[in-house]
Each structure stands twice: as structure tokens, then as C-alpha cells.
Amino acid sequence: MPDAVRTAAVRAVLIMSVTIIQAMVAFLSTLTGSWLAFPMVLSSVASTVVATWAVLDVWVTRQVWNQRNGVVSVPSSTARRIRRERRRSRRAERAAERDGTGGGIGGRRSTGGLSRA
């Protein structure tokens, strides 16, 4: 995850955790009939709006980063192995052509038919 997206995600998690704590305190203070219930409910509503904004910020930051920098793709070990085998076979073909066993200018194969020109 890129640094900008990681920063936004950490910020969103912290804001969401504070919002959940505020909601729990509001709920418990409402059950006990405390004077703190009403201010906590109001702050929980405001925190919910801020938490929603923070989550949207993570999404927007991720989209902007992908648009500016492109998607970073890490090939899997299977793809790496297949590429390595293809490279080996191409090298072997080139080496065979250089040695004169595989055709080319120095060692032309007789096809037994008409020329290809």
C-alpha cells in the first residue's frame, strides 16, 4: 500500500475507533440517565459524519494514487518461472543458431523442397 493511502487508512481507523467509543459512551450514559447523554449523542453524530468522510478519503486517495502512478503489479512466482523457462529456451535456440546446428546463414538446412525465396 502506498504511503499516502496508508496514512489515510490509519487516520480513518483512528477516527472510526473514537467514533465507536463515543457511541458506546453515549449509549451507556443514556441508559444511566446521565446529563452527559445528550452532548455525547450529538458528538457521536458529528463523529459519524467525520468517520464517513475519512473512509471516503481513503478511497479517493487510493484512486488518485492509482491514476497518477499506475497499478503496481508484482508477478507471481509461477509467472516468474514461466518467463525464466522461455528465456532459457530462447537462449538455447540462439546458441544453436550460432553453432550452425539450428539453421540461419551459416548452417542452412536442406528442406528437400523448393527454396523459400
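The values are calculated or read from the model by the stated rules, or taken from the named source; none is laboratory data. None of these values were measured; they are calculated from a predicted model. Note: ideal-geometry Cβ built from the backbone for every residue, glycine included; neighbour counts use all protein chains shown. Heavy atoms of the whole protein, side chains included, go into the accessibility calculation; ligands, DNA and RNA do not. Shrake-Rupley method; radii C 1.70, N 1.55, O 1.52, S 1.80 Å.
Inside the range 82-116, can you point out the residues that are open to solvent by less than 70 Å² (accessible area, probe 1.4 Å) and either modelled with pLDDT under 60 or assigned to a loop (DSSP other than H, G, I, E, B) (or both)? Correct list: Gly100, Gly102, Gly103, Gly104, Gly107, Gly113.
So that you can scan it fast, the table gives a plain yes or no per residue for (1) farther than 26 Å from Gln67 by Cβ; (2) among the aliphatic types (A, V, I, L, M); (3) surrounded by 17 or more Cβ atoms within 10 Å (Cβ to Cβ):
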residue: Ile15; (1), (2), (3): no, yes, yes
residue: Val18; (1), (2), (3): yes, yes, no
residue: Thr30; (1), (2), (3): yes, no, no
residue: Ser34; (1), (2), (3): yes, no, no
residue: Leu42; (1), (2), (3): yes, yes, no
residue: Ala54; (1), (2), (3): no, yes, yes
